[in-house]
Amino acid sequence: MALKMHSSLAVHVGEWIRTELLEPHNIRVNDVAEHFGVSRQAISALLNGRASLSADMAIRFEKAFGVRAETLMRMQSAFDLAQAREHEGDLKVRLFFAPAPQAAGYQVA
């Protein structure tokens, strides 16, 4: 059985980057943008949760701060999935194939 994470526990990776990497060291958005060679707007949108983290940006943060890009991408994915789960009941999709018959004493999860 898979565990479901409550959507309130999912934190946007940009918020995490802002509070855990930048703010403790008084690093400004402009400084990060210049260091990464991207626009201030791109960094600001990420840090304020208005944009998702791209793989390229994750690698930039890995190179600059030492946090694995894979970890950052998993955080973004978990946040995206938690957001989608909040309205999964609105998705009108039925099972594509009928489930296989269950063997006696066994349940399919």
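When the residues of region 82-94 are filtered to those that are within 24 Å of MET57 (Cβ to Cβ) and touching a residue at least 60 places away in the same chain (Cβ under 8 Å), which remaining residue is surrounded by the most Cβ atoms within 10 Å (Cβ to Cβ)?
Start the filter on region 82-94 by keeping residues that are within 24 Å of MET57 (Cβ to Cβ), which leaves 82-84.
Restricting the remaining residues to those that are touching a residue at least 60 places away in the same chain (Cβ under 8 Å) gives 82-83.
Numbers: ALA82: 18, GLN83: 12.
Per the criteria, the residue is ALA82.
Restricting the first residue to region 26-49 and requiring it to be under 15 Å from GLU15 (Cβ atoms), which pairs with a second residue that is of a type in the set (Asp, Glu) meet a Cβ separation below 6 Å and a spacing of at least six or different chains?
From residues that are under 15 Å from GLU15 (Cβ atoms), the pairs are GLY49/GLU15.
Do we find that ALA64 is surrounded by 13 or more Cβ atoms within 10 Å (Cβ to Cβ) and either farther than 16 Å from GLU15 by Cα or free of Cβ contacts under 8 Å to residues at least 24 places away in the same chain (or both) in this structure? Break it down into steps so the answer makes sense when it comes.
Numbers: surrounded by 13 or more Cβ atoms within 10 Å (Cβ to Cβ): yes; either farther than 16 Å from GLU15 by Cα or free of Cβ contacts under 8 Å to residues at least 24 places away in the same chain (or both): yes.
It is true that ALA64 is surrounded by 13 or more Cβ atoms within 10 Å (Cβ to Cβ) and either farther than 16 Å from GLU15 by Cα or free of Cβ contacts under 8 Å to residues at least 24 places away in the same chain (or both).
Could you tell me how many of the residues in region 37-60 are crowded, with 17+ Cβ neighbours inside 10 Å and in contact with a helix residue (DSSP H, G or I) (Cβ under 6 Å, 6 or more places away or on another chain)?
To start, the set of residues in region 37-60 that are crowded, with 17+ Cβ neighbours inside 10 Å comprises 43-44, 46-47, 53, 57-58, 60.
Then keep just the ones that are in contact with a helix residue (DSSP H, G or I) (Cβ under 6 Å, 6 or more places away or on another chain); that gives 43-44, 46-47, 53, 58, 60.
Counting residues in region 37-60 that are crowded, with 17+ Cβ neighbours inside 10 Å and in contact with a helix residue (DSSP H, G or I) (Cβ under 6 Å, 6 or more places away or on another chain) gives 7.
Tell me, which residue of region 21-30 that is within 23 Å of the chain's Cα centre (by Cα) and not in a helix (DSSP H, G or I) is surrounded by the most Cβ atoms within 10 Å (Cβ to Cβ)?
Across region 21-30, the extreme among qualifying residues is ILE27.
I'd like the residue in region 49-89 that is among the acidic types (Asp, Glu) and modelled with pLDDT under 95 and, out of all such residues, is farthest from the chain's Cα centre (by Cα). It would help to see each step written out before you state the result.
First pass over region 49-89, keeping only residues among the acidic types (Asp, Glu): 56, 62, 70, 80, 86, 88.
From what is left, the residues that are modelled with pLDDT under 95 are 86, 88.
Working: GLU86: 15, GLU88: 17 Å.
For region 49-89, the residue satisfying everything is GLU88.
Only one of ALA82, ALA33, ALA51, ALA42 is part of a loop (DSSP other than H, G, I, E, B) and of a type in the set (Gly, Ala, Ser). Can you tell me which?
Values: ALA82 fails: part of a loop (DSSP other than H, G, I, E, B); ALA33 fails: part of a loop (DSSP other than H, G, I, E, B); ALA42 fails: part of a loop (DSSP other than H, G, I, E, B).
The unique qualifying residue is ALA51.
Exactly one condition in (1) assigned to a helix (DSSP H, G or I); (2) more than 14 Å from GLY14 (Cβ to Cβ); (3) not aliphatic (A, V, I, L, M) is not met by LYS92; state its number.
Just one mismatch for LYS92, condition (1).
Restrict the check to region 5-19 and report whether at least one residue is outside any helix (DSSP H, G or I) and modelled with pLDDT of 95 or more.
Within region 5-19, the first condition is being outside any helix (DSSP H, G or I), and the residues that meet it are 5-6, 10-12.
From the residues that got through so far, the ones that are modelled with pLDDT of 95 or more too are 12.
Yes, region 5-19 contains at least one residue that is outside any helix (DSSP H, G or I) and modelled with pLDDT of 95 or more.
The values are calculated or read from the model by the stated rules, or taken from the named source; none is laboratory data. Given the structure is predicted, the values throughout are model-derived calculations rather than measurements. For neighbour counting, all protein chains shown are included, and Cβ atoms are generated from backbone atoms with ideal geometry for every residue, glycine included.
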